[in-house]
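Visitor: First, the structure itself, so that you have it in front of you.
Rule-based calculations on the coordinates, nothing more; no lab input. Remember, it's a predicted structure, so these values are computed and weren't measured experimentally. All Cβ positions, even for glycine, are placed from backbone atoms using ideal geometry, and neighbour counts span all protein chains on display.
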Amino acid sequence: MKRRNRFDLLGEECGASLVELALIFPLFVLILLGAVDFARAYYLATEIAGAAQAAAIYGSENPNDTAGMTVAAQDDAPNVPNLSVQTPTYGCECADGSSYSASCAVTPTSCPNSLNVIYRVNISVSATYTPILPWPGMNYNMKFTSNASMRSAGS
Amino acid sequence: MRIFNDESGAMTILSSLSLGVLMGAMALAIDVGNIHTRQRQLQTAADSAALAAALEIGNCGNTTCANMNTAASKALLEDEITSSTVTPTDSQCTVPSSTTLAMIINVGPCVLGTNDPNHGNNNVAEVVLTESQNTFFAGMIGIFYGNSAGISKMNLIARAEAGEAYIQSGSSVGDCIYTKSMEFNSSNGNFTLTNCGIYDGGNLQTDNDDSTTASFFLYTGTWNPNNCNGSCSWTLGDSETQPSHTTATQSDPLAGLTAPTQPANSTTAGNTTPNNGATLQPGYYPNGVNLNSNVSVNLAPGFYWMNGSINVDSGSTLTCTGCTGGTNGVTLYFANGSLQMNSNSTTIQLTAPTVSTNGSNANMLIWEPSTNSSGMTIDTSSSSYFTGTIYMPNGELTLNSGAGVTINAAGVAAVDVANFMVNDSEHFNVTAVLPGTAVANPPKLGTFALLE
């Protein structure tokens, strides 16, 4: 039986693929995690945009029920754990945006070109996204904010 | 041919192929995510603009107009979807592709064709936003498909419709009585409401033998059917048999009215106690008017801005003989005070204009701003009528006349008051005109909401 020279091992190619795979695998995982991170971040962005819209639609029917708007936003995005809904605000203004009055303290008495006086609610919903990996150069806690504004005939 | 058996570097080839696929997947995740998010934002903005446009439908006379365009453009800015003003294109039923954010407004939605249940309904505004969204990577992938331009741009479209929604779902009729609290303090209150219903956004109290004929009778608070358990006769136009509780709240349908501007002093403003046979002229009355007993006073058609009450004593008559329709009607706007009838022997026969002459006063007969909390008492004879809307967002309407009152002899009427109290065996008739029929621009006591 021929005794194998121990240097023969260096020329042995069995398992080379495995070694190469082992080298390349972390890169694959890294790319995959990158894709997952992007997808999750976009999902969150879409989710909070939906929450802001839900709150705004509720607000368009109940412009001075700011507590109700907050609940509407929270109900729309129950699976966003750190959803933060800024206290919604409302006001009234002429339809061209002039003479805005917060909380409709002073109803505009006259508007240019016979425009209507309308109510408007403003919603701002935000949530923090923490990526799976701390990607270099990226903020580890990304804050997504979605604003929505909707008009209403009044309270 | 040994090269075919040589396995060295096989993994490199495999890896580079897989890497390409993985990178492609990631590129797609980013592109699709980005487009989805933008589409979501566009939809919210379209909803916002549609509501803004719908609120101007009455102002524009059920078509598109400059005011509607201004409102919708402003709504996009308020929604922060864009920082530059987007000038809409009116009445366009096909959606062209546009590189920048573009907006179409149709009154009478038409983009979906006749499949749309609201197609052509000019009480509904449709807004379409369209924008070409750049993709980051899809363009590169496109090259592999032999398309040299690639999918470098995606055309996004968001559409929304808004219009008048009625509190009673599935009903095409609105409220002719909208109030925050309603109280029947006497038996035999008899209300007949045609083509419309009652919305009470608060508590309701009824008494024995009150009866109501209406399309619906909704309340949001608690109902106290005083002495009336099972014995009141409720005749409702739909399947309901009695006032029904609702959790759906409705905002004040007339809150969007454009306030009037104060006119110059009336030439007869100094005549605060007119004699029998006098005719008062429209304009500003700093001190209101008192009709002493048994005088008959005529109001010339026009806009009356009262800074004090109009008191009508027993046997007196307040009429408008020149109120023939169109701009020939009276609007009594009470900055302070209200219309007070002090006896059931008074006669009030007034008709509102059907075309606005000052602010949104079309169909407005008695109008108080929300800063005026003066209540109005109707205590008058059965020949009295109020053709037009009584709007007192912060005032109480009290019915004290046993003989009966008809609000709206000619077809357009509504009562929108903070509180509504019925103190006598009242006969009260209100008729509303269904949208789109008979009278031009009838007041529709629905509320504005997104429909699609």
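Visitor: Using a 10 Å cut-off on Cβ to Cβ distances, tally the other chain neighbours for every residue of A:23-30 and report the average as a whole number.
Guide: If you average over the peptide's residues, the count of other-chain Cβ atoms is 3.
Visitor: Counting only other chains, and only Cβ atoms inside 10 Å, what mean value do you get across the residues of B:45-52?
Guide: Per residue, the average neighbour count from other chains is 5.
Visitor: Sticking with this one: How long is region A:14-152 along each principal axis, judged by its Cα atoms, biggest number first, in Å?
Guide: Ordered largest first, region A:14-152 gives principal extents of 87, 29, 19 Å.
Visitor: DSSP loop (so not H, G, I, E, B), at most 12 other Cβ within 10 Å: list which chymotrypsin sites (Phe, Trp or Tyr not before Pro) in region A:51-132 pass both filters.
Guide: none
Visitor: Under a Cβ-only charge scheme (Lys and Arg +1, Asp and Glu -1), can you give me the dipole magnitude of region B:43-143 about the Cα centre, in debye to the nearest 20?
Guide: With only Lys, Arg, Asp and Glu charged at Cβ, the dipole is about 160 debye.
Visitor: Tell me the net charge near B:ASN419. Cut-off is 11 Å between Cβ atoms, B:ASN419 excluded, with +1 for each Lys or Arg and -1 for each Asp or Glu.
Guide: -2
Visitor: Next question, about the same structure. Measure off 7 Å from each Cα along the Cα-to-Cβ vector at B:ASN292 and B:THR100, then give the distance between these two points in nanometres to one decimal.
Guide: 7.1
Visitor: Find which of A:LEU23, A:PRO112, A:ASN141 sits farthest along the positive direction of the dipole of chain A, computed with +1 on the beta-carbon of Lys and Arg, -1 on that of Asp and Glu, about the Cα centre.
Guide: Farthest towards the positive pole: A:LEU23.
Visitor: For B:ASN155 and A:LEU23, what does the FRET efficiency come to when R0 = 41 Å and r is the distance between their Cβ atoms, rounded to the nearest 0.05?
Guide: 0.40
Visitor: Still on this model: At A:SER101 and B:THR273, where each label point lies 7 Å from the Cα along Cα→Cβ, what is the point-to-point distance in nanometres?
Guide: 3.7
Visitor: Between B:GLU80 and B:SER16, with labels modelled 7 Å along Cα→Cβ, what's the label distance in nm to one decimal, could you check?
Guide: Simple spin-label model gives 4.7 nm for this pair.
Visitor: Still on this model: If you add up the charges near A:THR107, with Lys and Arg at +1 and Asp and Glu at -1, over every other residue whose beta carbon is less than 14 angstrom from its beta carbon, what do you get?
Guide: Charge balance near A:THR107 sits at -2.
Visitor: Further, regarding this structure: Calculate, for A:LEU30 and B:THR261, the FRET efficiency according to 1/(1 + (r/R0)^6) with r their C-beta to C-beta distance and R0 60 Å; round to the nearest 0.05.
Guide: 0.30
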